[in-house]
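One structure is given below, encoded as structure tokens.
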Amino acid sequence: MHEDIDHVVLSEEEIQERIAELGSEISANYGDEPVLLIAVLRGAAIFIADLARQMTCPVEFDFMAVSSYGSSTRSSGVVRILKDLDETIEERHVLVVEDILDTGLTLKYLLKNLATRKPKSLEVVTLLSKHGKQRVPITCKYVGFEIPDEFVVGYGLDFAERYRNLPYIGVLKPEIYTD
Ligand code: PRP
């Protein structure tokens, strides 16, 4: 285990096992229909790579990057698109891939934006959902794990851009925040 990690919340094995289940479930629902996976950078980059490899239906990729305007963004829900999709999603099955659903403000904005582009279907898969934290209702068809409201890193999730490459999800030692 990394020396900065206090304890592991989800092990590599638990994560990979759940992603295999999600991949099967999602593939069964789309059948032979192609699905466009849209990952929201940067955290979801790890998840989309593993999830796609557990899917058997035809899969295509695209990416978006979003940012907030200043520190009030989290509460205001104002999201700025830094990188938009490369292609149209009109009449395509779209599955938005997120690493974590926290307040739900990012996804609320994204889903509203994507819906205006007239996809054939629009669903969300999130690896993690913080229990009881959602401030806006989000319909997330596929959820990997419900987790308690504590700050976690690893498997795409960062603290000051670090720890995204850990293959498990864990909680940092308190002194890492205060140093
Ligand atoms: C995280 C995560 C979601 C968002 C969820 O991204 O990937 O996009 O926060 O939070 P919300 O439900 O409260 O809106 P972050 O802004 O940390 O960027 P990153 O993926 O580049 O780390």
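In this structure the amide hydrogen of Tyr155, modeled in the peptide plane, comes within under 5 Å of the amide hydrogens of Leu166, Tyr168, none closer than 5 places in sequence on its chain.
The DSSP beta bridges internal to the chain are antiparallel in roughly 30% of cases. For His93, the residues whose amide H sits under 5 Å from its own are Leu36, Lys120, Ser121, ignoring neighbours fewer than 5 places away on the same chain, with H placed 1.01 Å from N.
For the chain, what is the charge dipole size about the Cα centre, in debye to the nearest 20, if Lys and Arg each add +1 at the Cβ and Asp and Glu each add -1 at the Cβ?
On the way: 19 positive and 30 negative charges, 187 e Å.
Result for the chain is approximately 900 debye, rounded to the nearest 20.
Entry note, the chain: relative contact order of 24 percent, from Cα contacts under 8 Å with a spacing of 6+ residues.
Lys83 sits with roughly 60 Å² accessible to a 1.4 Å probe, with DNA, RNA and ligands left out of the calculation. Karplus-derived 3J(HN,Hα) values for the range 24-36, using 6.51 cos²θ - 1.76 cosθ + 1.60 with θ = phi - 60°, are 5, 4, 5, 4, 4, 6, 8, x, 8, 6, x, 10, 9 Hz; glycine and proline are entered as x. Helix content alone sets the calculated 222 nm mean residue ellipticity of the chain: runs of n ≥ 4 DSSP H residues at -39500 (n - 2.57) each, divided across all residues, give -8000 deg cm²/dmol.
Shown for the chain: the carbon plus sulfur share of the solvent-accessible area, taken with all protein chains present and a 1.4 angstrom probe, equals 50%. Of all beta bridges that DSSP places with both ends in the range 116-179, some 45 percent have antiparallel geometry.
Using the scaling law 2.2 N^0.38 Å as the reference, what is the normalised Cα Rg of the range 1-51?
Details: Rg = 14.1 Å, N = 51, 2.2 N^0.38 = 9.8 Å.
Ratio of Cα Rg to 2.2 N^0.38 Å: 1.44.
I need the shape label for the range 12-149. Rule: rounded when a/c is under 1.5, else prolate if a/b > b/c, else oblate, with a, b, c from the alpha carbon gyration tensor. Intermediate results must be reported in sequence, preceding the final value.
On the way: a/c = 1.80, a/b = 1.19, b/c = 1.52.
It comes out oblate by the Cα gyration axes.
The label point for Asp32 and the one for Lys118, both projected 7 Å from the Cα toward the Cβ, are 2.6 nm apart.
The residues packed around Glu91, meaning those with a beta-carbon under 9 Å from its beta-carbon, carry a net charge of +2 if Lys and Arg are +1 and Asp and Glu are -1.
Each part gets one Cα centre, and for the range 143-179 versus the range 1-51 those centres are 15 Å apart. The residues neighbouring Phe61, those whose beta-carbon lies less than 11 Å from its own, together hold a net charge of -4 under the Lys/Arg +1, Asp/Glu -1 convention. Remark: the chain carries 51 Å² of accessible area per residue (probe radius 1.4 Å; ligands, DNA and RNA excluded).
The values are calculated or read from the model by the stated rules, or taken from the named source; none is laboratory data. Keep in mind it's a predicted model, so treat the numbers as computed, not measured. Here the Cβ is made from the backbone with ideal geometry for all residues, glycine too, and neighbour counts use every protein chain on show. Surface areas here come from the heavy atoms of the whole protein model, side chains and all, with no ligands, DNA or RNA. Shrake-Rupley method; radii C 1.70, N 1.55, O 1.52, S 1.80 Å.
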